[in-house]
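Presented below is the structure to which this report refers.
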Ligand code: ATP
Ligand code: MG
Ligand code: FE
């Protein structure tokens with residue numbers, strides 16, 4: 001069985017193709033991604049209208065490139081991100097997937113974007129045991145309990161304000177590092193001392209929700225630090241600020257993820273989402289999982305950011321699990337809860 005996955009929930013137009021094997025593994029046949037990230041740079045954040053327009057221009061060429069790369073005329077099924085995401089952006093991928101499903105007379109599966117971020121790990125690391133997944137990107141920060149990829153996922157917690165990647169982008173902006181700021185901040189932090197400034201750890205008090213996150217406090221603390229330095233005419237120690245901020249975010253994310261894995265009784269932690277490209281989040285997760293006796297699974301960075309392969313992979317699992325196709329009338333759901341794997 002060959003499954004095509006279509007992704008257009010944010011600023012990446014992704015078309016991926018995988019082949020499902022009966023031993024429960026997936027093989028990557030094509031991975032085409034076109035990003036509009038550069039068009040959003042001068043606005044300092046993703047502009048929905050620009051993203052939608054870019055998807056419209058990119059989607060059909062990406063489909064054609066993916067088919068050529070896989071060396072096939074058509075897949076056996078199409079899976080598409082139905083939500084959560086930007087309404088107008090989702091609409092483009094879903095309309096394209098429906099049109100191709102109708103034209104090729106193949107089944108359509110309307111899937112949850114967040115499940116795709118977890119499922120994609122099976123491409124590199126094989127079938128997935130019950131796990132806790134930490135998803136961190138520009139739009140999401142979630143702690144999830146996954147028992148079976150084709151089954152509904154349980155949300156343990158999420159951010160109450162900014163997403164982790166969004167916090168990286170906002171702090172990078174305070175430090176004049178450009179957009180998207182995550183990678184630039186990571187690079188600056190490499191030359192700094194993570195213990196030089198004691199930035200707060202959000203929502204880690206005894207009465208705080210154990211699996212929820214808050215990053216607005218640490219972001220404000222960085223802003224106050226920058227203001228004070230400017231007022232006093234001191235030069236900004238950018239590497240130290242970046243390293244200390246990054247340490248705070250990585251500390252809270254990994255601490256809560258490991259606690260969640262222990263509490264629900266799984267021995268695997270999976271990371272996903274674009275912000276897991278962060279070097280400190282990765283290294284701290286590695287150190288702490290080793291100490292806690294947990295297996296850590298992290299897809300390669302290219303598969304952590306939004307792509308079509310993750311939706312194709314989730315689609316293959318859902319189809320193999322015996323799900324019925326979604327009707328061609330299925331509507332996008334920008335606020336789709338993570339507990340809904342597929343929209344029937
Ligand atoms: P969505 O939230 O729908 O998954 P997105 O486009 O916001 O989509 P991704 O493309 O998965 O998210 O990831 C981009 C985010 O990851 C940005 O916020 C970016 O700053 C952040 N990021 C990327 N690399 C790093 C890094 N090395 N360190 C910290 N943050 C990073
Ligand atoms: Mg993106
Ligand atoms: Fe995503």
**Study point:** Antiparallel %, DSSP beta bridges [both residues in the stretch 131-298], to 5
**Key:** 55
Revision key, fill the gap. On the formula 1/(1 + (r/R0)^6), with r taken between the Cβ atoms of residue 65 and residue 148 and R0 of 30 Å, the FRET efficiency rounded to 0.05 is 0.40
Review point. How much length is gained if the chain between residue 279 and residue 42 is pulled fully straight, taking 0.36 nm per residue apart and subtracting their Cα-Cα distance, in nm to one decimal?
Key: 82.7 nm
Check your understanding: To the nearest 500 deg cm²/dmol, what mean residue ellipticity at 222 nm is calculated for the chain from DSSP H runs of n ≥ 4 alone, each contributing -39,500 (n - 2.57), summed and divided by the residues?
Key -> -13500 deg cm²/dmol
Check your understanding: Fewest first, what order do 32, 7 take by the number of other Cβ atoms within 10 Å?
Key -> 32, 7
Review point. Extension gain residue 255-residue 76, at 0.36 nm per residue separation less the Cα-Cα distance, in nm?
Key: 60.2 nm
Review point. Does anyone have the angle between helix 87-104 and the longest principal axis of the chain? Alpha-carbon axes, 0 to 90°, nearest 10?
Key: 20
Review point. What fraction of the DSSP beta bridges in the chain is antiparallel, stated in percent and rounded to the nearest 5?
Key: 60
**Study point:** Kirkwood Rh in Å, taken over all unlike Cα pairs in the stretch 131-298
**Key:** 16.1
Point to revise | Pairwise FRET efficiency - residue 302 versus residue 104, Cβ, R0 = 22 Å, nearest 0.05 | key: 0.20
Study note, to complete from the structure: Put in order of increasing Cβ neighbours within 10 Å, starting from the fewest, 105, 251 give 105, 251
Exercise for review: Using R₀ = 45 Å, calculate the FRET efficiency as 1/(1 + (r/R₀)^6) where r is the Cβ-Cβ separation of residue 87 and residue 234; round to 0.05.
Suggested key: 0.50
Practice item. Please say if the stretch 1-159 is rounded, prolate or oblate, where rounded means a/c under 1.5 for a ≥ b ≥ c the square roots of the C-alpha gyration tensor eigenvalues, and otherwise the choice is prolate for a/b larger than b/c and oblate otherwise? Key: oblate
Study note, to complete from the structure: Quick numbers on the stretch 17-79, Rg and Dmax over C-alpha atoms in Å, give 15.3, 47
Point to revise | Label point distance in nm, residue 196-residue 57, each placed 7 Å from Cα along Cα→Cβ | key: 4.1
Check your understanding: Taking the mean number of other Cβ atoms within 10 Å as a proxy for protection, how do you rank 285-294, 322-331 from highest to lowest?
Key -> 285-294, 322-331
Point to revise | Overall form of the stretch 69-124 per C-alpha gyration tensor (a/c, 1.5; a/b vs b/c) | key: oblate
Study note, to complete from the structure: Quick note on 343, 144, 114, 177, ordering by fewest other C-beta atoms within 10 Å, gives 343, 177, 144, 114
Point to revise | Average silhouette area of the chain, convex hull of alpha-carbon atoms, in square nanometres | key: 16.9
Exercise for review: For the stretch 125-181 and the stretch 41-59, compute the distance between their C-alpha centroids and round to whole Å.
Suggested key: 21
Exercise for review: Can you bin the stretch 281-326 into rounded, prolate or oblate? Criterion: square roots of the alpha carbon gyration tensor eigenvalues sorted a ≥ b ≥ c, rounded for a/c under 1.5, prolate for a/b above b/c, oblate for the rest.
Suggested key: oblate
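Every number in this text was worked out from the coordinates using simple rules, so none of it is lab data. The shown structure was predicted, so the numbers you read here are calculated from the model rather than taken from an experiment. All Cβ positions, even for glycine, are placed from backbone atoms using ideal geometry, and neighbour counts span all protein chains on display.
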